[in-house]
Amino acid sequence: MNDGDVEHSGNETTATAEGTTRREFLKVLGVAGAGAAAAACGPPDTGDKLIPYLIPPDDIVPGTSVSYATLLTGAGPEPLAIHAQVRDGRVIKLEGNPSRPTGGALSALAHSSLQDLYDPDRVPGPRQRTANGLVDATWEDGIAAAGAAVAGGSTVLLTPPAVGSAARFYQEWAAAVGATWMPWEPLGLEALRTAHGIAFGIDAIPTYEINSSDHIVCFGADFLGTWLAPVEMGARFAAARMPGHGVQARFSFVGPRLSLSGLKADEWIPARAGTEVLVALALAREIASRKADGRAARVESVLDPFTLDSVAEAAGIEAEKLRRLADQVATAKAPIALPPGIAAQGPVATDMHLAVILLNYVCGAIGSTVKFDGETVRPRHVPFAAIADLGRRMSAGEIQTLIVAGVNPAYATPASLGFAEALSKVPNVISLSPHADETTSAAGWILPSHHELESWGDGLLSRDYMALAQPVMQPVFDTRQREDILLQIATAAGAADSFQAADYSGYLQGVWRELHDRLPAGAPGFDDWWYQALADGGVSLAVPPVTDVAPPLTAAAANYSFRATAAPADFSLITYPTVQFYDGRGANRPWMQEFPDAVTKAVWNAWVELHPETAGPLGVETGDLVQVRTEAGSVTAPAYVYRGIRPDTLAVPLGQGHAAYGRTAAGRGFNALDLLDGTPDQRSGALAYAGAAATLTATGQRGKLVIMQGSDVDLGREIAELINIDDVPDAMEHEIDLTTLVEAAYDSDPRSPYRWGMAIDLNACTGCGACVTACYSENNLPVVGEDLCDQGREMSWLQIMRYYEDTEEGFQAVHFPTLCQQCGDAPCEPVCPVYAAYHTPEGLNGQVYNRCVGTRYCANNCPYKVRRFNWFTYERPYPLNLQLNPDVTVRSKGVMEKCTFCVQRINRAKLDAKDEGRLVADGEIQTACMQSCPTQAITFGNLKDPASRVSRMAKGARGYRMLDELNTRPAVTYLKSVTHAAMPESEHGHGGDSEHGD
Ligand code: SF4
């Protein structure tokens, strides 16, 4: 999006500003089509032949998508098994691999990997830096130069943490050429790993089975958004929070700021930044004193100083609140404590993790809801401190050659560390990054590697499942597989003999042959087994059963000397990753820039969060420019006034750009890391993202912060409903009568067997936005940019509204997915002068683009404000246009559009059913949003089938319809969100009071 320093762009490879030329399209279509076909049964055809479809390949039906199983490792904190939908050689959509436990679910960031693949700012081929800047170069020259540099010694290879065979490959490569391999993840788990080493003497990341818990106490981890495994944890969280399926787990959040995860909590314990460690220890002490068992006796002395009252004072919270939490945890059957994550990772990060481990230990959660499987599937990586040390060695001239592949240390380390300057002291900086980024901008050579979707790979998803990654299309640009580039560099450096395989796909197959050799007699031959693994996306591994799920506590932990941080005089600063940008990797993806942040609902910028009590005396309102200053630096950015943050705390998101309103290579806004001094936690070497002392100044100027939600509350219109768990009506008392929806002639044709409808469970929705991005991807939604968003001209068919509902002691968020309600008596339809808005026999509100003349009467008459008008013809610069879904019309200027429940998927299923002489079965159609949702908050189906899941949910006790009093008869039923928090007297019984006819 920004040109940056690298002198190439989408325009360089684009023949016309409007998009791809026919010649370019045919290049990708012909070559990639053959490649995608080959990808299902082996390495892609690397020939550059244009192959017309006069005689199409056997497994390709023109106009029909083919699904290829592969693996995504670079889309956030967890590796994800996916299905890539490939049409005519182009990947057009990503979905979760339905054979895995998380089903078709994916995160928003994972969906946007498509825009990473088709990013116009990718480096299109080898580049060499000369006195005239970066110029085109040949692969031969680049490999030769890199080989000579590596042969010169003192080489460091910096990569992301490698899962599966890549880790072995990098180790062997480094050994062969005499280099040092440093796998690094900026938002890593080093503090958690170190704490478990101290506690149990093991190098492991446990599994947090929150789905089996009845009380979740989170000490800061954004486990539903950005920490550890949000897609998997989202599913576990939903399972724990389903009323009617046993007891809904209670959820308490401890920390100075409510994150995406924190907004779902029943209770907020707003402990001062850095004191979460004390709260965990005080809770552990209190519970240990009540249990008085062997575990309690073991940790008695280490917990003794941390009384509830003294800790409450230090943490700035009411002792009564803490005492009540201790009561609840002590009486819970299966409590679980979740660690600090990134946003609470301060200068004593290891201590904080260890305190949470001790709490889990005394609660009996270790081995019960927190399980160790003996070996971790999470790849190891060096801590931040090692990267800081690398920077020092680079500055001292000790590093001759730095090969950077897939990480961006010049951006992802605090500016105070001086990594960007240190790069200039390294004689040979070679970037294998596929993208132009801050580190690439300092490289002497850029040898761009393939995108993950163009690459081979593998990785452990669980201890008993090895996933396989395969190229799902031919490379978009003149790039090579990262490991192949390294092999070629090794050859040029004279280390060819160290590797038997000619390329990485051969190397990978060699490793998998070893796996195959371990299969019992009678197993299929390698070729059959390999092709089946490619088709399935991986193989199950025979592993011994887990025996040691609860390792004993070490003496070191039982006698640990805990450290706490002193509260700063002015403000504590928190920097935190977001679901849209994570560590910054999402900043060049338009879908992510236009996806409203889950907490603030802001787009296209970064901001500073401050409490109303902080903003008031300064006269600051949301959007006013404020300056935050720390010892390391300062930023000036728009304020966001947020009631979910302590008055003595400021928070800024990570992942945007460097300078105000313009990252040097991608993204916009500012880089929050500029505010950190880079001091690591002494025990683990982890970077302290939280706890820096900061000051705040109002500049008196107005900035620009586009917020995509008008009001934080529903103004008493009962749009988003939150009820106390005791007010959930009896399951037999159905609130909604579906009769009119399925029988009234206007709602749907009585002769049609279908009346499509949807149920959305607000209790399950976490606001993660995966559904929103899936909708953009499936339905070719355009991105309009900051200015048009500001004018209310966004094009999103599905928006997640975040409403605050007051509880007796605070507030709780209800995330409210808003989309076309497919009304039975739709106000949009009768006002259209040309019948573009019409009612289908199956009850959908159809929209005939070709008829629409753009009067916008329909949008004016829609009470839900879910119709979107194309004020312009929005362009997608090449190769972003290759992502477009051919099943969905690309709309142009002057046309109204909106959600139609993915009618293209409905029609496909109906055609399949018709071919087979049957009706569409329940669950056969998944809308894109439903498929993507990690918590299964969305259910779609046929309301005329009384046994369908959507019918049963729509008639369920918590069901209600938005603005039902308007008698629009929506086909979307919302299920009320449920809380353990006491509701104000006036709110009691919303779930079953007279207004809704219970
Ligand atoms: S409905 Fe959408 S925002 Fe809500 S949990 Fe599901 S995917 Fe996330």
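Here are some notes:
- Taken together, the residues in the stretch 535-545 that are surrounded by 13 or more Cβ atoms within 10 Å (Cβ to Cβ) and touching a Phe, Trp or Tyr at 6+ places or on another chain (Cβ under 8 Å) amount to 3.
- CYS775 being within 12 Å of the ligand (Cβ to nearest atom) and in a loop (DSSP other than H, G, I, E, B): no
- ALA694 vs. criteria modelled with pLDDT of 95 or more, open to solvent by less than 40 Å² (accessible area, probe 1.4 Å) and part of a strand (DSSP E or B): yes
- Some residue of the stretch 153-165 being among the polar types (S, T, N, Q), in a helix (DSSP H, G or I) and not assigned by TED's automatic domain parsing to the domain that holds LEU224: yes
- The set of residues from the stretch 175-196 being open to solvent by less than 10 Å² (accessible area, probe 1.4 Å) and over 20 Å from ALA75 (Cβ atoms) comprises ALA191, LEU192, ALA195, HIS196.
- In the set VAL277, VAL217, only one residue is aliphatic (A, V, I, L, M), in a helix (DSSP H, G or I) and crowded, with 24+ Cβ neighbours inside 10 Å; that residue is VAL277.
- Filtered residue count, the stretch 425-466, keeping only those that are outside any loop (DSSP other than H, G, I, E, B), among the aliphatic types (A, V, I, L, M) and in contact with a helix residue (DSSP H, G or I) (Cβ under 9 Å, 6 or more places away or on another chain): 6
- Close pairs (9 angstrom Cβ cut-off, 6 or more residues apart or separate chains): under 18 Å from ALA175 (Cβ atoms) in the stretch 491-519, part of a loop (DSSP other than H, G, I, E, B) and hydrophobic (A, V, I, L, M, F, W, C) anywhere: THR491/PHE499; TYR504/TRP456; TYR507/TRP456; TYR507/PHE499; TYR507/ALA501; GLY510/ALA501
Each row is one residue, and each column tells you yes or no for (1) out of contact with any Gly (no Cβ under 7 Å at 6 or more places or on another chain); (2) part of a loop (DSSP other than H, G, I, E, B).
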residue: THR575; (1), (2): yes, no
residue: GLY584; (1), (2): no, yes
residue: ASN588; (1), (2): no, yes
residue: MET592; (1), (2): no, no
residue: ALA598; (1), (2): no, yes
residue: ALA606; (1), (2): no, yes
residue: THR614; (1), (2): yes, no
residue: VAL620; (1), (2): yes, yes
residue: VAL626; (1), (2): yes, no
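- Highlighted here are the helices (runs of 4 or more DSSP H) found entirely within the stretch 10-125 that include at least 2 residues which are modelled with pLDDT of 50 or more: 108-111, 113-117.
- Tally of residues being away from the ligand (no atom under 16 Å from the Cβ), surrounded by fewer than 24 Cβ atoms within 10 Å (Cβ to Cβ) and not in a loop (DSSP other than H, G, I, E, B) across the stretch 923-958: 1
- Criterion: away from the ligand (no atom under 16 Å from the Cβ) and in a strand (DSSP E or B) - qualifying residue of TYR878, TYR838, TYR803: TYR838
- The set of residues from the stretch 451-483 being open to solvent by 30 Å² or more (accessible area, probe 1.4 Å) and at pLDDT 95 or above comprises GLU452, PRO475, ASP478, ARG480, ARG482.
- Every condition in (1) within 15 Å of the ligand (Cβ to nearest atom); (2) open to solvent by 10 Å² or more (accessible area, probe 1.4 Å); (3) not small (Gly, Ala, Ser) is met by CYS832 except one, and the failing one is (1).
- Just one residue in the set LEU625, LEU618 is modelled with pLDDT of 95 or more, open to solvent by less than 60 Å² (accessible area, probe 1.4 Å) and either in contact with a strand residue (DSSP E or B) (Cβ under 6 Å, 6 or more places away or on another chain) or closer than 30 Å to PHE169 by Cβ (or both); that residue is LEU625.
- Number of the exception - ARG961 against (1) within 26 Å of GLN248 (Cβ to Cβ); (2) within 16 Å of the ligand (Cβ to nearest atom): (2)
- Residues that are of a type in the set (S, T, N, Q) and away from the ligand (no atom under 16 Å from the Cβ) were ranked within the stretch 86-102; the one that is farthest from ASP583 (Cα to Cα) is SER99.
Results for (1) of a type in the set (A, V, I, L, M); (2) open to solvent by 30 Å² or more (accessible area, probe 1.4 Å); (3) in contact (Cβ under 8 Å) with a residue 40 or more places away in the chain; (4) not assigned by TED's automatic domain parsing to the domain that holds ARG257, shown as yes or no for each residue.
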residue: TYR776; (1), (2), (3), (4): no, no, yes, yes
residue: PRO782; (1), (2), (3), (4): no, no, yes, yes
residue: GLY785; (1), (2), (3), (4): no, no, yes, yes
residue: GLN791; (1), (2), (3), (4): no, yes, no, yes
residue: LEU819; (1), (2), (3), (4): yes, no, yes, yes
residue: GLY846; (1), (2), (3), (4): no, no, yes, yes
residue: ASN850; (1), (2), (3), (4): no, yes, no, yes
residue: ARG867; (1), (2), (3), (4): no, no, yes, yes
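- Selected residue [within 16 Å of the ligand (Cβ to nearest atom), over 30 Å from ALA555 (Cβ atoms) and open to solvent by less than 10 Å² (accessible area, probe 1.4 Å)] from ALA105, ALA146: ALA105
The values are calculated or read from the model by the stated rules, or taken from the named source; none is laboratory data. Note that the structure is predicted; figures quoted are calculated from it, not measured. Cβ: placed from backbone, ideal geometry, glycine included. Neighbour counts: every protein chain shown. Please note that ligands, DNA and RNA were not included when accessible areas were found on the heavy atoms of the full protein model with its side chains. Shrake-Rupley method; radii C 1.70, N 1.55, O 1.52, S 1.80 Å.
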